[in-house]
1. Could you list, ordered by first residue, the pairs with Cβ atoms under 9 Å in which the first is in region 102-126 and not assigned by TED's automatic domain parsing to the domain that holds Ser161 and the second is buried (at least 19 other Cβ atoms within 10 Å of the Cβ) and among the β-branched types (Val, Ile, Thr), at least 6 apart or interchain?
2. Of all the helices (runs of 4 or more DSSP H) wholly in region 1-71, which have at least 2 residues that are touching a strand residue (DSSP E or B) at 6+ places or on another chain (Cβ under 7 Å) and under 15 Å from Thr175 (Cα atoms)?
3. How many residues does region 353-387 contain that are over 22 Å from Leu422 (Cα atoms) and crowded, with 18+ Cβ neighbours inside 10 Å?
4. Filter region 164-187 down to residues that are surrounded by fewer than 15 Cβ atoms within 10 Å (Cβ to Cβ) and closer than 21 Å to His128 by Cα, then give me how many there are.
5. How about region 372-381: which of its residues are assigned to a helix (DSSP H, G or I) and without any contact (Cβ under 8 Å) to a residue 40 or more places away in the chain?
6. When region 32-47 is examined, which residues are found to be surrounded by fewer than 16 Cβ atoms within 10 Å (Cβ to Cβ) and touching a Pro at 6+ places or on another chain (Cβ under 9 Å)?
7. Taking the condition of being of a type in the set (Val, Ile, Thr) and in a helix (DSSP H, G or I), how many residues in region 382-441 meet it?
8. For region 218-313, please list each of the helices (runs of 4 or more DSSP H) lying entirely inside it that holds at least 3 residues being closer than 30 Å to Asp346 by Cα and either in the same structural domain as Gly100 (by TED's automatic domain parsing) or aliphatic (A, V, I, L, M) (or both).
Amino acid sequence: MQQEVSTKNKEFLKNLGITEFNEVQSAVIEKAKSSANLMLLAPTGSGKTLAFLIPLANGLKQNTSGVQSLIIAPSRELSLQIEQVFRSMKTSFRVTCCYGGHSTKVEQNSLSENPEVVIGTPGRLADHFLRKSFDAKTIHTVVLDEFDKSLQMGFHRELESIFKSLSGKQRHLLTSATQLDKWPEFLPFTKPDTLNYLKDEAASKLKLKLVRTNTTDKVETLTRLVAGFNQEVCLVFCNHRDAVERISGLLKQNNLEHGILHGAMEQIDREKNLIKFRGGAHNVLIATDLASRGLDIPEIKHIVHYQLPPQEESFIHRNGRTARMHATGKAYLVLALDEALPEYIDKEIEEIKVPSKLQLPPLPQFVCLYISAGKKDKISKGDIVGLLTKKGELKSESIGLITLLDFSSYVSVKRSVVPKLLEGIKNEKLKKLKVKIEVAN
């Protein structure tokens, strides 16, 4: 049974478009009322972001000056996702997101206005603490999201620097997808209250399939496999970015719509590709392990391991992108004939054949449009919907995901309506601003 939901939390649920909190979220919301230091151990897809944002929002105080809450996440994408969820809750509090690849000057200007919530990556936040971009003394809540991942990625020094600037009296909410063997010394506590939801449920719902192929035909075999999913959402994992680029090159030659994601890409290109993937303009994403944890990406039917990771833990996190919570999914291992299965995989795995000829799937249902104005231009999602429905004469069911960035926005619309829509709004203004609206490149 869920705990009684407060009036404020009911408003958050309404704004988020969901009917109730799940088991994990309800437990964290209730436990956070009495716990100064709380650790949530839970798998990917269990709703951790909302689990810590609700207690955080409930703890924010009106009519006080200064930053009240700090959220530290290991990646830019995760930081931006958290910001989007917080904004979707429609609180009266301001939020700023700080991360590498983003304008430091823009961030400093935002921080000088004392937002109540600051979200960011360890490196960029440590830099702002060093610059004294804001006063840390007012922070009363610190969230360490995907804390184990931050430590694995080597952010120990940056986190230590941040915690030296804090009062040490703040409360802490931590999330992790794995158990921590040792607590870092920079934390002002050693034994937090813990809620453990790490169960091997996904393994029982996930079906593993093996695809064998000649080494020289591996990319072509993968292409035929992915095309056969017929636009069901698919995530292909590689160990190295050169493999991502190589696969992408062949998919482009075959006119198979897809996106890519790896650490060497420019930040804006990473953001655009994730936006397209979330919004259904791309249903195939080729990625390194950057996409294995913490990213808010849609329910995925198929996980494909083009290259298997050396560690079982990485394999588990990749597979955690599908068979999430109460869903089922499939994971495929594409192995050359001379590649052996690693020790952590059952040798009895079912082997399947892929079609001998490439049969291209239909194009994705949605197209992603770019709009040359965003949050800093005071543009809202409602402004964009208004333009598309009133001037563009679109029905609401033709409009998909809308994402606002600082100085640009992206919106998914049904492919069938795009030509007429662009013709109809090409000279229209958005909130009195002359903007460029075109298919996102």
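1. Partner pairs satisfying both residue conditions: none exist.
2. 23-32, 48-58
3. Selection size over region 353-387: 1.
4. Residues flagged as surrounded by fewer than 15 Cβ atoms within 10 Å (Cβ to Cβ) and closer than 21 Å to His128 by Cα within region 164-187 amount to 5.
5. Those that are assigned to a helix (DSSP H, G or I) and without any contact (Cβ under 8 Å) to a residue 40 or more places away in the chain: Lys375, Lys381.
6. Selection gives Lys33, Ala36.
7. 6
8. 218-227, 241-253
The values are calculated or read from the model by the stated rules, or taken from the named source; none is laboratory data. Just so we're clear, the structure is a prediction, and the values are computed from it rather than from any experiment. When we count neighbours, we look across all protein chains shown, and the Cβ atoms used for this are built from the backbone with ideal geometry, even at glycine.
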